[in-house]
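Notes follow once the structure below has been shown.
The values are calculated or read from the model by the stated rules, or taken from the named source; none is laboratory data. Here the structure is a predicted model, which is why all the values come from computation and not from measurement. Counting neighbours? That spans all protein chains shown, and the Cβs are built from the backbone with ideal geometry, glycine included. These accessible areas exclude ligands, DNA and RNA; they are computed on the full protein's heavy atoms, side chains included. Shrake-Rupley method; radii C 1.70, N 1.55, O 1.52, S 1.80 Å.
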Amino acid sequence: REDMIDGLGEPAGAATVLRGMTPTTQASHFARFNLGVALVKSGDVPAGSALLDEVGRMPGANEEQRSLRDRANVALGFSALQDGRSEDARTVLQRVRLQSLQSNKALLGFGWAAANAKQHEQALVPWTELASRSVSDAAVLEARIALPYAYAELGAYGQSLEGYQSAVSQFDSEQGALKESIAAIQGGKLIAGLNAKNPGTEMGWFWNLAELPEMPHAGHLTQVLAQHEFQESFKNYRDLLFLGSNLAQWRDSLVAYRDMLAERRKAFNQRLPQTVSGEKGSVADLARAQKNRASLAAELDRVEREGDVISFSDQRQDALLQRLADVQAAVQLNAKDPEIARLADKVRLLSGTLAWELSSQWPDRLWQAKKALRDTDRGVEEAQAREARLAKAQRDEPQRFERFAKRIDALESQINLLIPRVASATQDQQNAVQNIAVAELTLAQQRLAEYQTQARFALAQLVDRASLATNAKEGSDARRP
């Protein structure tokens, strides 16, 4: 990322990267702003200032763009201050909104632009407004000593002295407040409060801070939470919390899986004897079925080979065949009887008709018999497959249960190993987050200490100046006749 390159102290490298990101895209405003800052830092002030001025003049369709516009004007204003162009600085700083996040810096810079131009009365206006704001902002702290400085430059020593005394008192109070905030952060109150006020089960990548926690001095959180380093570190901390919670849930789930496996094993062991007992009868039935099938196949082969149409006769046809056989036997016994002899032709006709009927139905009945044999084969195959599956289940299921049990044991061992490691990493990350916050407030303490020193030094100078003036006046009065 370009801001990371610039953060490494390589503004020229950042400018090189950002030059390719200036087309009219959604991120073009930010690209121009970052490129302008990088160019100014790398020494190309005219080009950088032109880009910042372009961003500082844009309409601002939403709050994000308006905030970026304010940042651009502040950056442009302080760049002009560094170059000694006080009037240009005031011109661009006037564009910053008074109620924006950048207003404190803009008021401070506007005051210094007036002071550098020896217009201390004009400097009093922005500095007075700024000095009335919360001292948690470094710009406000500077305004607290800049304001009495302006009074001193205007010769209002009484107001200057009062201002420095008030600043020293406020600085001492703010040092105590910073100590309280640091103690609360080191005690874990900041992290616990952020988690309590911003609950959620999502990973840090999708997390956004919605509410601030309750702290002794909430104003100190602004400069802490605004840091990219703090935000990323806290998201990593939340990711570790999320991972730890998942591991705990997985460990609880393994208990349920172990119970499920025990129930499955119990049910298998209970049903297996009944199944095996029933299968023993099925095995005997299967053997008989296989034997019968072999006999049927041999008979069907003979019928087809010999063309035995009578083998497929039905019950009616069997009865007719039996009656014809009886009649034919009677005809043969009484062949000399003229009456019986006349019936012989009718018997031959009926016998031929029945033979024709059996012959015409024989192909279909042969096909039906073969189909029935195939169905029998499928039934035998299914019975054999069931027998094989049962044998396989008896052999494989106990092994499968054992494999599942070993997997559960292995996962439980891994989870039990990871949980304390994640807990330790979470604690380390919490300490890292707290250290970042403490480091930021420690820097604020150091800045405050510098302002305290400056205020006390200026206060001492004013007291010395007043003492010298008093001594000079007393000496002058003593020399009068």
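The C-beta contact set for the range 235-249 (first residue open to solvent by less than 60 Å² (accessible area, probe 1.4 Å), second residue of a type in the set (Gly, Ala, Ser), distance under 8 angstrom, 6+ apart or interchain) comprises Lys235/Gly204; Tyr237/Gly204; Tyr237/Ala432; Arg238/Gly204; Asp239/Gly204; Leu240/Ala425; Phe242/Gly204; Gly244/Ala423. Based on this model, can you work out whether Leu358 counts as more than 38 Å from the chain's Cα centre (by Cα), under 30 Å from Asp172 (Cβ atoms) and not aromatic (Phe, Trp, Tyr)? It is false that Leu358 is more than 38 Å from the chain's Cα centre (by Cα), under 30 Å from Asp172 (Cβ atoms) and not aromatic (Phe, Trp, Tyr). Mind listing whichever residues of the range 147-175 are of a type in the set (Ser, Thr, Tyr) and loosely packed, with under 15 Cβ neighbours inside 10 Å? Result: Ser169, Ser173.
Within the range 288-318, if we keep just the residues that are outside any loop (DSSP other than H, G, I, E, B) and open to solvent by less than 50 Å² (accessible area, probe 1.4 Å), the residue that is farthest from Gln361 (Cα to Cα) turns out to be Ala289.
Restricting attention to the range 179-197 and to residues that are within 28 Å of the chain's Cα centre (by Cα) and hydrophobic (A, V, I, L, M, F, W, C), the residue that is farthest from Ala439 (Cα to Cα) turns out to be Ala196. All conditions in (1) out of contact with any Gly (no Cβ under 8 Å at 6 or more places or on another chain); (2) in a helix (DSSP H, G or I); (3) of a type outside the set (D, E, K, R) hold for Leu130, with the sole exception of (1).
Would a scan of the range 404-421 turn up a residue that is among the polar types (S, T, N, Q), at pLDDT below 85 and open to solvent by 40 Å² or more (accessible area, probe 1.4 Å)? No: the range 404-421 contains no residue that is among the polar types (S, T, N, Q), at pLDDT below 85 and open to solvent by 40 Å² or more (accessible area, probe 1.4 Å). For Val96, the requirement of being touching a helix residue (DSSP H, G or I) at 6+ places or on another chain (Cβ under 6 Å), part of a loop (DSSP other than H, G, I, E, B), farther than 19 Å from Phe33 by Cα and not basic (Lys, Arg) is not met. Of all residues being under 49 Å from the mean Cα position of the chain (by Cα) and without any contact (Cβ under 8 Å) to a residue 12 or more places away in the chain in the range 429-464, which is farthest from Ala143 (Cα to Cα)? Just the residue, please. Of everything passing the filter in the range 429-464, Asn431 is farthest from Ala143 (Cα to Cα).
A quick yes/no check of all residues on (1) out of contact with any helix residue (DSSP H, G or I) (no Cβ under 8 Å at 6 or more places or on another chain); (2) farther than 30 Å from Leu296 by Cα; (3) assigned to a helix (DSSP H, G or I); (4) modelled with pLDDT of 75 or more:
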| position | (1), (2), (3), (4) |
| --- | --- |
| Leu320 | no, no, yes, yes |
| Leu324 | no, no, yes, yes |
| Ala329 | yes, yes, yes, yes |
| Gln332 | yes, yes, yes, no |
| Leu349 | yes, yes, yes, yes |
| Gln361 | no, no, yes, yes |
| Asp364 | yes, no, yes, yes |
| Asp377 | no, no, yes, yes |
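The single condition among (1) touching a Gly at 6+ places or on another chain (Cβ under 9 Å); (2) surrounded by 15 or more Cβ atoms within 10 Å (Cβ to Cβ) that His228 does not meet is (2). The one condition from (1) under 16 Å from Leu448 (Cβ atoms); (2) at pLDDT 85 or above that Ala184 does not meet is (1).
Tell me, which residue of the range 47-74 that is of a type in the set (Gly, Ala, Ser), touching a helix residue (DSSP H, G or I) at 6+ places or on another chain (Cβ under 7 Å) and in a helix (DSSP H, G or I) is surrounded by the most Cβ atoms within 10 Å (Cβ to Cβ)? My answer is Ala72.
Residue-level analysis places Ser253 outside the set of residues that are modelled with pLDDT under 80 and part of a helix (DSSP H, G or I).
Total residues in the range 201-228 satisfying the condition of being in a loop (DSSP other than H, G, I, E, B), small (Gly, Ala, Ser) and either under 22 Å from Gln175 (Cβ atoms) or modelled with pLDDT of 75 or more (or both): the figure is 1.
Rundown of residues vs (1) within 16 Å of Leu448 (Cα to Cα); (2) assigned to a helix (DSSP H, G or I); (3) modelled with pLDDT of 90 or more, yes/no style:
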position	(1), (2), (3)
Lys105	no, yes, yes
Ala115	no, yes, yes
Lys118	no, no, yes
Ser134	yes, no, no
Phe171	yes, yes, no
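Residues in the range 120-132 that are under 46 Å from the mean Cα position of the chain (by Cα) and either farther than 24 Å from Ala449 by Cα or free of Cβ contacts under 8 Å to residues at least 12 places away in the same chain (or both): Ser132 only.
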